[in-house]
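Shown next, in structure tokens, is the structure this report addresses.
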Amino acid sequence: MLLHFSPAKPLVSPPNLRRNSPVFLISPPRSLRIRAIDAAQIFDYETQLKSEYRKSSALKIAVLGFGNFGQFLSKTLIRHGHDLITHSRSDYSDAASSIGARFFDNPHDLCEQHPDVVLLCTSILSTESVLRSFPFQRLRRSTLFVDVLSVKEFPKALFLKYLPKEFDILCTHPMFGPESGKHSWSGLPFVYDKVRIGDTASRHERCEKFLRVFENEGCKMVEMSCEKHDYYAAGSQFVTHTMGRVLEKYGVESSPINTKGYETLLDLVENTSSDSFELFYGLFMYNPNALEELERLDMAFESVKKELFGRLHQQYRKQMFGGEVQSPKKTEQKLLNDGGVVSMKDTSSSSS
Ligand SMILES: O=C(O)C(=O)C[C@]1(C(=O)O)C=C[C@@H](O)C=C1
């Protein structure tokens, strides 16, 4: 049987303490072999050292806002060995204890736990009121604040306005959520901007330790300014949510002959309608580029209609003033009868 040495003091420093560390697994000469009971104690000692090391490298993370998104992120942070304490306006103590986090109904009590990181998982619309009344004075002066809002210039400005200047600031946006990141985060973009990290090695290491969770989950790490994020996100995430909501209003429904493209539209409607209208409104109100994108969408829609009507107009002219006559009579008829009301479903033509 392979027994361990009995170490009078740790043989390796905790960071090197790996399951198969050769220091612990070499077979000692007979004269040094020890009894099974000693071996058990050493095993305990080894696990204790490991857990001490894990504890010393764990971050104490306070999650503010423990709704759907906060719980979703917290599960993974806990899985990476971090110590989670949480607070929300509603009582989520059961949800917290079910994943191994502690819940505090009073933000003062939460702050007195002296977290290393405060992670804001609040909604875009409630963030300012949370920060305005937050008891910063109870935190350690080097605390790192992180947000995960879907807009970035806005929380950056709020952090710079409300946080004491000794605090570190990391603005992030996981470009996924409880639906899209339900099975894996691998390959999904994680955007971050180190807005203000104090000039010491330990502060940088703490920030890296937080980011490492996402890195180790396989996220595509994208370091990008908050301004650039908002520029890209208005043209991607906001447009996606807008189209989803437009199609929902239009009333897309599954048919017996769905094409693949149509299936993606149905998925889009399902995904965007499962997010709150509050999120959609936040994407619009607090991304400085969103209004422009909405106007561009409107113009694009008009332009596509114009293109179609332009062709139809040509048909009509040909019919009126001679030339060959082609098929789309019903659509044309409807447009003319209704004085411009569009029926794009042309029942007279069967072409693909
Ligand atoms: O996966 C989900 O549940 C999402 O809705 C994720 C989603 C989105 O796809 O727009 C919503 C909010 C997050 O900021 C990032 C992405």
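Values quoted throughout were computed directly from the atomic coordinates according to the rules given, and no laboratory measurement underlies them. Computed from a predicted structure; not experimentally measured. Backbone-built Cβ (ideal geometry, glycine too); neighbour counts: all protein chains shown.
Here are a few things to note about the model shown:
- In nm, spacing of pseudo-spin labels at residue 292 and residue 312 (7 Å Cα→C-beta vector): 3.3 nm
- Under 5 Å from the amide H of residue 221 lie the amide H atoms of 190, each residue being 5 or more positions distant or on a separate chain, with H modelled from the backbone and absent for Pro and chain starts.
- Here each label is just a point 7 Å from Cα along the line to Cβ, and for residue 161 and residue 301 those points are 3.2 nm apart.
- A simple spin-label model places the labels of residue 182 and residue 57 3.3 nm from each other, with each point 7 Å out along Cα-to-Cβ.
- The loop-placed trypsin sites (Lys or Arg not before Pro) in the range 96-196, going by DSSP, that have at most 13 neighbouring Cβ atoms within 10 Å of their Cβ come out as 140, 141, 165, 182.
- A Förster distance of 56 Å, applied to the separation of the beta-carbon atoms of residue 274 and residue 320, puts the FRET efficiency at 0.65.
- Volume per residue of the convex hull around the Cα atoms, evaluated for the range 212-287, comes out as 132 Å³.
- Among beta bridges that DSSP assigns inside the range 159-231, antiparallel share in %, nearest 5: 55 percent
- Rounded to whole Hz, the Karplus (6.51, -1.76, 1.60) HN-Hα couplings of the range 90-107, x for glycine and proline: 8, 7, 10, 4, 5, 4, 5, 5, 5, 10, x, 10, 9, 10, 10, 7, 10, x
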